1. Please report, in cubic angstrom per residue, the volume enclosed by the convex hull of the alpha-carbon atoms of the chain.
2. Hull surface divided by four, with the convex hull built on the Cα atoms of region 73-123: how many nm²?
3. Relative to the compact-globule scaling 2.2 N^0.38 Å, provide the ratio for the alpha-carbon radius of gyration of region 9-79.
4. Relative to the first principal axis of the alpha-carbon coordinates of the chain, what is the inclination of helix 64-80, with its axis defined by its Cα atoms, in degrees from 0 to 90 and to the nearest 10?
5. In debye, nearest 20: dipole of the chain around its Cα centre with unit charges on the Cβ of K, R (+) and D, E (-)?
6. Tell me which of 14, 42, 70 sits at the most positive position along the dipole axis of the chain, charges placed on C-beta atoms (Lys, Arg +1; Asp, Glu -1).
7. Could you rank the peptides 32-39, 19-26, 47-54 by their average count of other C-beta atoms within 10 Å per residue, with the highest value first?
8. Kindly provide the helix-only [θ] at 222 nm of the chain, computed as the sum of -39,500 (n - 2.57) over DSSP H runs of four or more divided by all residues, to the nearest 500 deg cm²/dmol?
Amino acid sequence: MAYDYDDDNVFAKILRGEIPNKTVAETEHSLAFHDIRGQAPVHVLIIPKGRYVAADHFYGEASDAEILDFARLTARLCGELGISPGAGGSGYRQISNAGQHGSQEVPHFHVHLLGGRPLGRLLEAD
């Protein structure tokens, strides 16, 4: 896979501390923060700290430690944010967009974790 990473994307700037964010959690390899345009009562973005553009890039080239850290943080946040059906929550949606046809806005791999209300079959822009 050949991915060109843009070091000037907004998430790279957040990771460098150039742009503030509302951090929810941070680990050695990942950062989670509130989406500035939240579309549900819970809308958190989870990003790896590494220079990955899309899910296939991350899962194909990241270290096992990075992947495990990212997955475990996602699972932990589902419980902490009260959206995990296994912990009494009503459920959530995890979304990752990739490339132009996938409507990816920031070229840094990330997942949207949404919950706190019925989400329907697909999200609709307000």
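A short reminder: the numbers here are calculations on the coordinates, not readings from a lab. Values in this document were obtained by computation on a predicted structure and should not be read as measured data. All Cβ positions, even for glycine, are placed from backbone atoms using ideal geometry, and neighbour counts span all protein chains on display.
1. Working: hull volume 14.6 nm³, N = 126.
Given the Cα convex hull of the chain, per-residue volume reads 116 Å³.
2. Working: hull surface 16.2 nm².
Mean projected area of the Cα convex hull: 4.1 nm².
3. Details: Rg = 12.1 Å, N = 71, 2.2 N^0.38 = 11.1 Å.
Ratio of Rg to 2.2 N^0.38 Å for region 9-79: 1.08.
4. For helix 64-80, the angle is close to 20 degrees.
5. Values: 11 positive and 17 negative charges, 110 e Å.
Result for the chain is approximately 540 debye, rounded to the nearest 20.
6. It is 42.
7. Values: 32-39: 15.5, 19-26: 13.0, 47-54: 20.2.
The peptides rank, most packed first, as 47-54, 32-39, 19-26.
8. Numbers: 3 runs with 30 residues, N = 126.
That comes out to -7000 deg cm²/dmol.
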